[in-house]
Amino acid sequence: MARRIPAVVPLGRDAPSRFLPWIFALMVYLAVLSLTGVLILHAAVERWQRGEVDTLTVQMMPVEGVSEETRIVRLQEILADIEGISRIRVVPHAESTSLIEQWLGEGNLPADLPLPRLVDLELETGHRLDAESLTLRLQASLADVTVDDAKLWLDRLADLGRSLELLALAVVVLIGLTVVATVVFTTRMGISIHRNVIELLHLIGARDGYVAAQFQRQAMILGLRGGTIGIVFAVATLYGLRHVAKRLETPLAPDIPVEHWAWALLAAVPIATAAIAMVTARLTALRELAKLP
């Protein structure tokens, strides 16, 4: 069992020991929220990519004086002659209304709102139809017809998600660098404040490693203390966001991670912060002590 090094340098009485835990708490709080954002975005991008299928959607707006069913039949006849389409499915009105109500809320859809008829097209494996050229071909026979390629905007959405994911990771890295800079500054300040005590320890034979261990231990304790405060507030914030998201009942609501490994990763942030603070304090102390006579 390792022998505990007694605290000889009175580090607990100086200014850094009073404000450093709160800085650590703020850094851990921001880091946990940023990592949660990374997890949310990563899960969203994977969900969007899993939803990518070889499909196109034809939208046909209502035209006055023309029967909708007649236009649907004509549309199906045109699509049946196009190579690469394996299945044509006319989406019922009830299903279209249900999709819109997911965003607007049930009962909030005006009765006189002109809704387009949707036709889903499944493409043959390995065959890609260009949405723009298909639109021009359909518009030559039918008015107010457009074709949407879900894969295009899903890819754009996934690219945006990845960009935001990298931005959130960059924030986490900056927070880590801020912790390092703060520990370097406070360690130097502590050595300056307790210079007389450290010189006395040197005179009685204490090595730099012994003195550095004092600062290392203090940084670890303050890191764990501040990290615990930060993670408590962060978890409370996340649970609050989950509660609000559940009440929204909309696809726009964020999916707060609930997997055990995700919570374990977030819980490791205070430990990582304390470890970074401990290593930084020791290296800084050794470098500064080497400059003393």
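The values are calculated or read from the model by the stated rules, or taken from the named source; none is laboratory data. Since we're looking at a predicted model, the values are computed, not measured. Using ideal geometry, Cβ is built from the backbone for each residue, glycine included, and neighbour counts are taken over all protein chains shown. To get the accessible areas, we keep the full protein, side chains included, count just its heavy atoms, and leave off ligands, DNA and RNA. Shrake-Rupley method; radii C 1.70, N 1.55, O 1.52, S 1.80 Å.
With every protein chain left in place, what is the accessible area of Leu224 in Å² (1.4 Å probe, nearest 10)?
About 70 Å², ignoring ligands and nucleic acids.
Determine the shape class of the stretch 123-191: with a ≥ b ≥ c the square roots of the Cα gyration tensor eigenvalues, call it rounded for a/c under 1.5, and otherwise prolate if a/b is greater than b/c, oblate otherwise.
Judged from the Cα gyration tensor, the stretch 123-191 comes out prolate (a/c at least 1.5, a/b above b/c).
Counting only protein chains, not ligands or nucleic acids, how are Ser192, Ser34 ordered by accessible area (probe 1.4 Å), most first?
So, going from the largest accessible area down, we get Ser192, Ser34.
Hey, if we sort Thr125, Thr57 by accessible area with the 1.4 Å probe, largest down, what's the order?
The ordering from most to least exposed comes out as Thr125, Thr57.
Can you compute the modelled spin-label distance between Leu123 and Asp159, with each label point 7 Å from Cα toward Cβ, in nm?
Spacing of the two 7 Å Cα→Cβ label points: 1.7 nm.
What does the accessible area of Glu199 come to, in Å² to the nearest 10, when a probe of 1.4 Å is used?
60
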